[in-house]
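Chemist: So that we are looking at the same thing, I have put the structure below in structure tokens.
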Amino acid sequence: MLKIGVPSKGRLMEKTFDWFGARGVTMRRTGNEREYSGEVEGLDGVQLVLLSAGEIPRELSAGRIHLGVTGSDLVRDKLADWPAQVAEVAPLGFGHADLILAVPVCWVDVDTLDDLDAAASAFRRVHGFRLRIATKYHRLVRDFLTENGVADYQLVDSQGATEGTIRNLTAEAIADITSTGETLRANHLKILEDAVIHRSQATLFAARAAEWSEARPALRALMAQLRLPVPDVIREG
């Protein structure tokens with residue numbers, strides 16, 4: 001069976017079903033609303049696997065699913081050297097959000113990464129510890145700051161309500177996903193001018209570690225229906 005992992009609830013699930021449905025591939029949940037089960041109609045040998053968006057990169061990496069729909073930010077943050085583990089099949093055009101760095105509006109002299117670097121150094125001299133940046137995107141944020149020469153900081157894990165960490169005095173800055181910026185403004189935060197770390201959207205990925213031999217016929221049929229090229233990861237054989 002060709003296993004396709006898709007988000008198990010919410011707008012990402014609905015938009016994924018709509019995207020495939022518009023291309024003649026009908027996906028739907030089965031059972032009651034508490035059951036994480038579903039099916040794909042009209043294609044033989046294809047199994048729908050409902051997972052949280054955050055679990056899909058892990059399942060792709062392990063090869064337990066062949067294809068998966070999740071945010072490009074999650075794949076890049078959760079999988080080290082992600083191109084070696086998954087192949088990007090197609091961006092889907094929804095689920096847009098930017099991973100950004102933001103600081104309090106009252107930091108009137110901090111508008112760029114260079115300003116943040118200077119402020120972080122000054123913060124450490126004054127307070128005796130490094131400026132804290134709250135985020136759940138540790139790999140993406142660390143790599144971005146390293147590439148841009150920002151050093152005097154520490155990442156503080158935040159799995160929710162990240163914008164509130166500054167008000168709660170558990171961080172001085174944040175790195176988080178935003179689509180409209182409304183929550184940032186409501187919490188008196190501003191995005192640094194040159195600190196868009198990643199522009200994310202829902203994307204269809206293929207697993208390099210999956211067992212493809214028996215799934216190839218179903219994969220080729222699916223790609224033909226979607227009018228997409230067969231991913232290089234399974235083209236051989």
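Chemist: Looking at Tyr137, Tyr153, which is the one that is surrounded by 16 or more Cβ atoms within 10 Å (Cβ to Cβ), modelled with pLDDT of 95 or more, under 30 Å from Pro7 (Cβ atoms) and of a type in the set (Ser, Thr, Tyr)?
Modeler: Numbers: Tyr153 fails: under 30 Å from Pro7 (Cβ atoms).
Every option except Tyr137 fails the conditions.
Chemist: Take the residues in segment 4-27 that are touching a helix residue (DSSP H, G or I) at 6+ places or on another chain (Cβ under 7 Å) and part of a strand (DSSP E or B), then tell me which one is farthest from Phe205 (Cα to Cα).
Modeler: Our first condition is that a residue be touching a helix residue (DSSP H, G or I) at 6+ places or on another chain (Cβ under 7 Å); within segment 4-27, this holds for 5-7, 23-25, 27.
Subset that is part of a strand (DSSP E or B): 5-7, 27.
On the way: Gly5: 10, Val6: 11, Pro7: 13, Met27: 17 Å.
Filtering first and then ranking leaves Met27.
Chemist: What about Pro57, is it in the same structural domain as Ser179 (by TED's automatic domain parsing), surrounded by 13 or more Cβ atoms within 10 Å (Cβ to Cβ) and not charged (D, E, K, R)?
Modeler: Values: in the same structural domain as Ser179 (by TED's automatic domain parsing): no; surrounded by 13 or more Cβ atoms within 10 Å (Cβ to Cβ): yes; not charged (D, E, K, R): yes.
In short, no.
Chemist: Filter segment 158-183 for residues that are of a type in the set (Asp, Glu), modelled with pLDDT under 95 and touching a helix residue (DSSP H, G or I) at 6+ places or on another chain (Cβ under 9 Å) and give the result. Full working, then the answer.
Modeler: As a first pass, look at segment 158-183 and keep what is of a type in the set (Asp, Glu): 163, 172, 176, 182.
Within this subset, residues satisfying the condition of being modelled with pLDDT under 95 are 163, 182.
Glu163 - this is the single residue of segment 158-183 that is of a type in the set (Asp, Glu), modelled with pLDDT under 95 and touching a helix residue (DSSP H, G or I) at 6+ places or on another chain (Cβ under 9 Å).
Chemist: Which condition number does Asp176 fail, the rest of (1) closer than 17 Å to Ile100 by Cα; (2) loosely packed, with under 14 Cβ neighbours inside 10 Å; (3) charged (D, E, K, R) being met?
Modeler: Checking Asp176 against (1) closer than 17 Å to Ile100 by Cα; (2) loosely packed, with under 14 Cβ neighbours inside 10 Å; (3) charged (D, E, K, R), the one that fails is (2).
Chemist: Keeping to segment 97-116, report how many residues are surrounded by 19 or more Cβ atoms within 10 Å (Cβ to Cβ) and acidic (Asp, Glu).
Modeler: Selection size over segment 97-116: 0.
The values are calculated or read from the model by the stated rules, or taken from the named source; none is laboratory data. Bear in mind that the values here come from a model prediction, so they are computed numbers and not experimental data. Don't worry about glycine lacking a Cβ; one is built from the backbone with ideal geometry, like all the others, and counts go over all protein chains shown.
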